[in-house]
1. How about the stretch 107-151: which of its residues are in a helix (DSSP H, G or I), surrounded by 15 or more Cβ atoms within 10 Å (Cβ to Cβ) and free of Cβ contacts under 8 Å to residues at least 24 places away in the same chain?
2. From 64, 88, grab the single residue that is at pLDDT 95 or above, buried (at least 20 other Cβ atoms within 10 Å of the Cβ) and either over 16 Å from residue 159 (Cβ atoms) or more than 12 Å from the ligand (Cβ to nearest atom) (or both).
3. Any residue in the stretch 88-102 that is touching a residue at least 60 places away in the same chain (Cβ under 8 Å) and within 21 Å of residue 175 (Cβ to Cβ) sitting within a Cβ distance under 8 Å of a residue that is within 12 Å of the ligand (Cβ to nearest atom) and part of a loop (DSSP other than H, G, I, E, B)? List the pairs, counting only those 6 or more apart or interchain.
4. On the basis of being surrounded by 12 or more Cβ atoms within 10 Å (Cβ to Cβ) and within 30 Å of residue 95 (Cα to Cα), does residue 192 make the cut?
5. When both residues are 6+ apart or on different chains and their Cβ atoms are under 9 Å apart, which pairs have a first residue that lies in the stretch 36-48 and is farther than 16 Å from residue 68 by Cα, and a second that is surrounded by 10 or more Cβ atoms within 10 Å (Cβ to Cβ)?
6. Residues being assigned to a helix (DSSP H, G or I), more than 8 Å from the ligand (Cβ to nearest atom) and in contact with a helix residue (DSSP H, G or I) (Cβ under 8 Å, 6 or more places away or on another chain): count how many of those fall in the stretch 13-33.
Ligand code: AMP
């Protein structure tokens, strides 16, 4: 099964993606995580992407598509959950081509819709593990030990692009690019929209549960 997770930064794609990947036993491929790994390892690709990520802009399509291609080549057998990819219509078309070469297609594109005010609050309280990819919210999902990851014990930090001015730019970019992508998957007949957020009492765990139920009908 090939799943695409759409939704603004901070909408819970990462959390939902991890739960679904574990449940369905398929890889969770987050282009944001791949870029951050390249930045950390100071690779040539990381250096190219750095200026865009730190400004909250999208990394150009050619760099992003090349990175994704490298990641998934020879490994499309089991299916995958794409988190944060595609983010442009061009990327969506490229993904379709990559899958088609293997006789596969995107089965479902999940659009997680959370109000922007809530997203800003969520992201500014978010902390990430410096070692594994665990995510915490210091108000709603704090680590047991202040500033330490429950899973691996490493220290937590706030990403540069989780700071308020960069978050607003990321949301502006999302506003400009998301509707075309949503229309793209609607036209393909695979869009599954979910309204989520604390104010309607639907957490990322609830979203994942709902999706797991829905996905049973695909088996
Ligand atoms: P994320 O963690 O998915 O919000 O991604 C963090 C940052 O990585 C984004 O703000 C972009 O700068 C970059 N990025 C991640 N995925 C993509 C993509 N599919 N296309 C372009 N840039 C991306």
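The values are calculated or read from the model by the stated rules, or taken from the named source; none is laboratory data. Everything quoted here is computed from the prediction, not taken from an experiment. Because the Cβ atoms are built from the backbone with ideal geometry, glycine has one as well, and the counts that use them run over all protein chains shown.
1. 121
2. One residue alone meets the criteria, 64.
3. 88/58; 92/86
4. Yes.
5. Pairs that qualify, where the first residue is farther than 16 Å from residue 68 by Cα and the partner is surrounded by 10 or more Cβ atoms within 10 Å (Cβ to Cβ), are 40/46; 47/38; 47/39.
6. Within the stretch 13-33, residues that are assigned to a helix (DSSP H, G or I), more than 8 Å from the ligand (Cβ to nearest atom) and in contact with a helix residue (DSSP H, G or I) (Cβ under 8 Å, 6 or more places away or on another chain) number 6.
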